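Student: Below you'll find the structure I mean.
The values are calculated or read from the model by the stated rules, or taken from the named source; none is laboratory data. The structure displayed is predicted, hence computed values, not measured ones. Ideal geometry is used to build each Cβ from the backbone, glycine not excepted, and the neighbour counts take in all protein chains shown.
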Amino acid sequence: MRKSLVLALPLAFVVFALAQGARRNSSSGYASAHLPPAAIGALQKIDPEHIRAHVRFLSHDLLEGRGTGQRGGDLAAEYIATQFWLDGLKPAGDNGTFFQNVPMVGVTAAPETSFEFTPRRGDAMQLKPMDDYVASDDTAHPSDDIDSEIVYVGYGIEAPEYQWDDYKGADVRGKVLLMLVNEPQSDDPKFFKGSALTYYGRWTYKYEEAARKGAVGAILIHKADMASYPWDVVRSSNTGEKEFLKSDTPQLKAAAWIQLEVARQLAQKSGMDLDKLMADAQSRNFHPVPLPVKLKAHMVSKIRQISSKNVMGMLPGSDPKLKDEAVLYTAHYDHLGIRPDMSGDNIYNGARDNATGCGILLELARVFAQSQSKPHRSLLFVSVTAEEQGLLGSGYLGKHPPIPAAKIALDLNFDDVPPLGEPQEVEVSGAERTTFYPTVEAMAKEFRLAIRPDSHPEAGHYYRSDHFSMARVGVPAFSINEGMKYKGHNTEWGTEQAEEFTNKRYHQPSDEYSPSMDFRGDATIARFGFALGWAAASQPKVQGWQKGDEFEKARLQNGDATH
């Protein structure tokens, strides 16, 4: 009894504050933390132990790491669909089902694959898979041979809006491109957004740009502080099968990473200094540097046709006109599956990443469905597949939404929400880019949650989770997560917990469920997300992007649904 009373006190304050309907003017014309009684009643039913139960099941060994296109991943999808059905959601997938099929191809590098750097003079460098390099053949061919010159292209970025071009018109067709991860360093917010990483710094962009320019391969140089994660994350993320959306666009025969020391040896074989090459890449005057070295690779792959699933449910809105529009909630259910060649614990359970987000999504669906009244717009709940493979499920969702993208008012995403206790901060990185931000600020104030700026803007987290796929098609979108300050702890403690997870458990088998996990914070994030979603579903207009934002053009092209 005593514990439940203590937990109820902060929630009771929030409920009181929301019921007061605190309002203030804003540039968007509407910002409110007011919720009607039905919404407050539903919000109060959010239960941290319900979230715990979902996390425990989804991260159980029996689900085998929820690998994409694998038995465990399919079981997770069926479990989520069953929960949607029990809640009374309407199917929003293909042919009246809860499932949207996502056609993919699975590629597994075979042991026969070889990868070596061959200089014009001197001995070849035979690279050891996983220790020296990782590589995949994105063409989905059973075998490909590469015997191509290597060209160093700095950061591999062509960004006219920043007057930056690493290619300078060089013909790189048929070449292998060596490049740095991340983007040019700057504190100027008008130049690649200063310390914040843009999409140009993401490995996905670099591979896409190399393929567009006709290269046969691209090799990223891994440096932990630039990538924002250690080599073990690269290794584990490229272990076993890799999945790709079926595509008619050009693909690379070798999409690879190499260790920093391997790159240093490659530079030495070329008669060059890696530190100087990296320093030269900081200048707008940089020009591509052909290396006197070839990549000789024999890429052998096992190919598997896959149809994985996004799980989709809908609650119709209450307004006859606005119910054709929707607020979208997303969370990915996939993780990395099982690594057969690993001894000991080889199941990547993905308890935090992202059984927690799924637990929140399922609890939101339950309480929205039980609400005595519904907001004006409809609510879409989508648990996507293949996030760990490069946002594939959400990428497919963005291109094939159940309603037009212009009619999706907002996407609120949940990914890796730490079960560490009661947060006193919230991170909503990217929300400030939308017209919805005044409402986010007002709601955070009522929840007594300080809005914490992105703890690591250089890591480019905005471009690394599923909301980004929706932003690319113009939908205002961001993830909701905890900050670093928790009740009973200082900020340093929260930072230490985050770093410990990143360094020791992120994308590792040790990301497992524990009964000691404290899901009160996940429940707080669920309540905050509930309140934001209800507000967005009730406001007069769908949301948009701030003027000049990189995603504003896509919103306008898709036909901004304003009233």
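Student: When you go through (1) buried (at least 18 other Cβ atoms within 10 Å of the Cβ); (2) more than 19 Å from the chain's Cα centre (by Cα); (3) modelled with pLDDT of 95 or more one by one for D171, which number turns out not to apply?
Tutor: (1)
Student: Check segment 151-163 and report whether any residue there is surrounded by fewer than 14 Cβ atoms within 10 Å (Cβ to Cβ), in a helix (DSSP H, G or I) and not assigned by TED's automatic domain parsing to the domain that holds L379.
Tutor: For segment 151-163, residues surrounded by fewer than 14 Cβ atoms within 10 Å (Cβ to Cβ), in a helix (DSSP H, G or I) and not assigned by TED's automatic domain parsing to the domain that holds L379: present.
Student: Looking at segment 457-554, what helices (runs of 4 or more DSSP H) fall wholly within it and have at least 2 residues that are in contact (Cβ under 8 Å) with a residue 40 or more places away in the chain and surrounded by fewer than 18 Cβ atoms within 10 Å (Cβ to Cβ)?
Tutor: In segment 457-554, 491-504 are the helices (runs of 4 or more DSSP H) which contain 2 or more residues that are in contact (Cβ under 8 Å) with a residue 40 or more places away in the chain and surrounded by fewer than 18 Cβ atoms within 10 Å (Cβ to Cβ).
Student: Could you tell me whether segment 190-203 includes any residue that is under 20 Å from L274 (Cβ atoms), among the small types (G, A, S) and modelled with pLDDT under 95?
Tutor: Among the residues of segment 190-203, at least one is under 20 Å from L274 (Cβ atoms), among the small types (G, A, S) and modelled with pLDDT under 95, which makes the answer yes.
Student: Looking at segment 71-98 only, could you name the residues that are touching a Lys or Arg at 6+ places or on another chain (Cβ under 7 Å) and farther than 21 Å from H50 by Cβ?
Tutor: The answer is G72, G73.
Student: Still on this structure, I have one more. Quick one: in segment 281-302, which of the residues that are closer than 24 Å to D165 by Cα and β-branched (V, I, T) is farthest from the chain's Cα centre (by Cα)?
Tutor: V293
Student: From the list G106, G122, G69, G73, pick out the single residue that is part of a loop (DSSP other than H, G, I, E, B) and within 20 Å of L397 (Cα to Cα).
Tutor: So the residue among G106, G122, G69, G73 that is part of a loop (DSSP other than H, G, I, E, B) and within 20 Å of L397 (Cα to Cα) is G69.
Student: Given the criteria in contact with a helix residue (DSSP H, G or I) (Cβ under 7 Å, 6 or more places away or on another chain) and either surrounded by fewer than 14 Cβ atoms within 10 Å (Cβ to Cβ) or among the β-branched types (V, I, T) (or both), does D248 qualify?
Tutor: In short, no.
Student: Is it true that E387 is among the acidic types (D, E) and either modelled with pLDDT of 95 or more or out of contact with any Leu (no Cβ under 8 Å at 6 or more places or on another chain) (or both)?
Tutor: So E387 fits the description; yes.
Student: When you scan segment 215-226, do you find a residue that is within 18 Å of the chain's Cα centre (by Cα), among the charged types (D, E, K, R) and at pLDDT below 95, even just one?
Tutor: Scanning segment 215-226, I find no residue that is within 18 Å of the chain's Cα centre (by Cα), among the charged types (D, E, K, R) and at pLDDT below 95, so the answer is no.
Student: Still on this model: K309 versus (1) assigned to a loop (DSSP other than H, G, I, E, B); (2) closer than 30 Å to K253 by Cα: which is the lone unmet condition?
Tutor: The failed condition is (1).
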